[in-house]
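The values are calculated or read from the model by the stated rules, or taken from the named source; none is laboratory data. Treat the numbers as computed from the prediction; the structure is a model and nothing was measured. Cβ placement follows ideal geometry from the backbone for every residue including glycine, while neighbour counts extend to all protein chains displayed. Protein only, heavy atoms only, side chains kept; ligands, DNA and RNA dropped before computing areas. Shrake-Rupley method; radii C 1.70, N 1.55, O 1.52, S 1.80 Å.
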Number of protein chains: 2
Amino acid sequence: MRLATKATHQQTRAFNHGLVLRTIYDLGPISRAEIARVTELTRTSVSELVGEAIDEGLVEEVGRGPSSGGKAPILVQVVEDARVVIGLDLGEQAFAGALVDLRGRVQRRIEVPVDGRDGKAALGAVERLVDELVDAAPAGRLLGIGVGTPGLVDTETGEIRWAVNLDWQDLPLGRILAERTGLPAFVANDSRAAAMGEYLFDVNRRAPNLVAIKIGHGIGAGIVLGGELFAGDGFGAGEIGHTSVVDDGVECRCGRFGCLETVASSRAVVEQALAEAARHPDGDLARRLAQNGGELTIDDVAEAVRAGDEQARRIAAAAGRWLGRAVAALIGTLDIRHVVLLGNVTHLGDPWLDAVRDEAARRALTLLSRETSIEIGGTSEDTVLLGASALLMSRELGLVPAR
Amino acid sequence: MRLATKATHQQTRAFNHGLVLRTIYDLGPISRAEIARVTELTRTSVSELVGEAIDEGLVEEVGRGPSSGGKAPILVQVVEDARVVIGLDLGEQAFAGALVDLRGRVQRRIEVPVDGRDGKAALGAVERLVDELVDAAPAGRLLGIGVGTPGLVDTETGEIRWAVNLDWQDLPLGRILAERTGLPAFVANDSRAAAMGEYLFDVNRRAPNLVAIKIGHGIGAGIVLGGELFAGDGFGAGEIGHTSVVDDGVECRCGRFGCLETVASSRAVVEQALAEAARHPDGDLARRLAQNGGELTIDDVAEAVRAGDEQARRIAAAAGRWLGRAVAALIGTLDIRHVVLLGNVTHLGDPWLDAVRDEAARRALTLLSRETSIEIGGTSEDTVLLGASALLMSRELGLVPAR
DNA sequence: GAAACTTTGTCCGTCGACTTGACAAAGGCG
DNA sequence: CGCCTTTGTCAAGTCGACGGACAAAGTTTC
């Protein structure tokens, strides 16, 4: 429980409420007595808190468990569709929105292409998306709206400071959506939202600290510390895409030279592949280029890698090594043992992942990198959308970080 | 307030106690009514908490302040010598220990050279140092022992995992000192301790997040997030000295190649200076080398820089630029607006600092680095020792992070 | 200079929330 | 079948923040 100022009884209560909820969420079906043991609260307090959660409809009793020499426990469980959340992913190519239940399962999904819309037009598309999902949601069970968007976002006010592609600047999206729907809204940077999704919905990976790096068009990391998203002083924590890594690098869209994005993003990989195709007109990449009518996507390159094309493999490995450098810096700085990789560049598969791991291990202090796991995370298209939902759920239900 | 498990009334109380104490510490002399306004606690609660602090001898009434149209307020203030802390700095060349009061003022200081001692002998020296300081401390006012040491430290158990120079491995120093003296003891890595010292004792710089980088023999950063030291999953957060930055670098004492330490530490600077002296036997550096009987220290180089020697200046700037790279990575990763530089390499002065700033600005996303301040911090020899004291005080008195 | 108004600090009663202890219900075990 | 355990609940106790009232000690106004 992080407090701005004073501590009160209400906060204590809210914290314990969240703690019990989280315990049921993680360990359920579970008995009240067991919750008391795990949380170290008394059985009395747990009973009261569980009762409250049942009244709210969040939890239900589901029969009795086996006895262990005494009265058989009454098991309680989270009602998975007790609430739904609207999760939005304002991607660079398309806006996706969905109704998500408490387990992070997508109930209904809508996607609209961006088609170059920006400014007011883009905002209008978001509003229509939200309206449609609000209408589709079961009455009275809608908990709120979580939004993941590229760019710099003030998560406290829900204001988008700066989103290049959509040409949004100082747009109070959180307030706009909250006023339109009467629901709480939470806006976060897409990489950070995805990180929180990995943290909340992946039951196996419940370490208190986690870094999720999303490598797609851009590169950004979400840093979860002690179960909470770390924002930094200016909501820019994790913006690693624009630290320069190449000494005499090419110009980046940010205006500077040699940024990580210029060598490790999907755009960079595709450009490398195009150059390679031009150099070897009879190669696999050139063949795919011709097939696709002069266009190549990251997934074309990924397929070439899987098909065993040596050039594609080299390109993937090179991109992976650049990323590995950044991962090494992260590990060295924060000593976080769990690194999750997200975004479409992960489709490049093992040659790429191995390069990331190898380079990270070689560049970070052995003692640290030895115990660090670097894995590819949720590969679904919904990572950001789910993460945004996770953030809203975590905030509205007061789900408390485990351990 | 970060909680492992449940929240209780006692924690609420402890938190508010610390909050009041911290408010008096920062804003004192201050009236109870003013504390109530700042903390948003009621006057009643504040009165009780202040009364408690007075009973503990931590706070005293110091006359009345000016009236603002009503009864003149009774001002209270922290009794600066109400408690003393033993702060230890187990440096690579010498062990320093001191009694430190609540304002971070050194009351009595002892220093013993290490003289190559390690293992048990070094531990013995530490114990003698502590014994002497315990005897010198005013009876009943000793709050505990804070230790800053190089190496990897488990701050939770007070166990030193690995300290190369002293040849300590898995040494439970915290427990040893606690049992020997009956006092609470807290052990932390030296850079991290120094960071906490900068945070706690520098009244002007009270942002919630701060990074302090200590550049001496080794290079390490302490990361303060939300007023608390961030340790990472394996107590290695901030170990940036051994991330490799040079592609075809020289071998580092850690066994790998091109680490930051090989180009930006005091050792690296001195080596560069020696090479320069050999190259230009009639230069300023060579002259100083001869004067000192074949030895050069970082301070000799610093003096050469101040004297305007162009070669020394170039060496300083080069070292600064390498560090600037690391700072850029830090800012990009964490978006922390306050960076403090500590350690004897800071003696190189403006040419070095300018290089750090310039390189950091050029390599980090403009939007972030623009508002970041990079300053040289407490230049006294006691930074680590004071920081270790700060950590213990912060923990034992429950001093709560401001804002 | 007295009355009216402010501000401060404390006292007392209230209330919210966790804890303790007791107890009935419900099961296993000898 | 009786004894022991475990579970869940109830009533009483306690801790600690809150709110209102009030005296003390100022300032401002007339």
Problem set entry | Wholly enclosed helices (runs of 4 or more DSSP H) of the stretch B:1-103 bearing at least 1 residues within 10 Å of another protein chain (Cβ to nearest Cβ) and closer than 29 Å to B:LEU386 by Cβ | B:9-27, B:32-39
For this session: Scan the stretch A:30-46 and report the pairs whose first residue is more than 8 Å from DNA strand D (Cβ to nearest atom) and whose second residue is of a type in the set (Lys, Arg), with Cβ atoms within less than 6 Å and a gap of 6+ or a chain change.
Result: A:THR39/B:LYS6; A:GLU40/B:LYS6; A:LEU41/B:LYS6
Exercise. Got a number for residues in the stretch B:223-237 being in contact with a helix residue (DSSP H, G or I) (Cβ under 6 Å, 6 or more places away or on another chain) and buried (at least 21 other Cβ atoms within 10 Å of the Cβ)?
Worked result: 4
Exercise. Has the stretch A:81-88 got at least one residue that is over 29 Å from A:PRO184 (Cα atoms) and either within 12 Å of DNA strand C (Cβ to nearest atom) or at pLDDT below 95 (or both)?
Worked result: no
Exercise. Mind checking which residues of the stretch B:167-186 are surrounded by 15 or more Cβ atoms within 10 Å (Cβ to Cβ) and part of a strand (DSSP E or B)?
Worked result: B:TRP168, B:LEU171, B:ALA185, B:PHE186
For this session: Please work out if B:GLU271 is within 21 Å of B:THR346 (Cα to Cα), modelled with pLDDT of 90 or more and open to solvent by 80 Å² or more (accessible area, probe 1.4 Å).
Result: yes
Exercise. With respect to the numbered conditions (1) assigned by TED's automatic domain parsing to the domain that holds B:GLU198; (2) out of contact with any Pro (no Cβ under 9 Å at 6 or more places or on another chain); (3) open to solvent by less than 40 Å² (accessible area, probe 1.4 Å), which one is the sole condition not fulfilled by B:ARG105?
Worked result: (3)
Exercise. So which residues in the stretch B:187-222 are of a type in the set (Gly, Ala, Ser), buried (at least 24 other Cβ atoms within 10 Å of the Cβ) and not in a helix (DSSP H, G or I)?
Worked result: B:ALA188, B:ALA212, B:GLY218, B:GLY220, B:ALA221, B:GLY222
Exercise. Has the stretch A:292-310 got at least one residue that is of a type outside the set (A, V, I, L, M, F, W, C), modelled with pLDDT under 90 and either under 25 Å from the mean Cα position of the chain (by Cα) or buried (at least 20 other Cβ atoms within 10 Å of the Cβ) (or both)?
Worked result: no
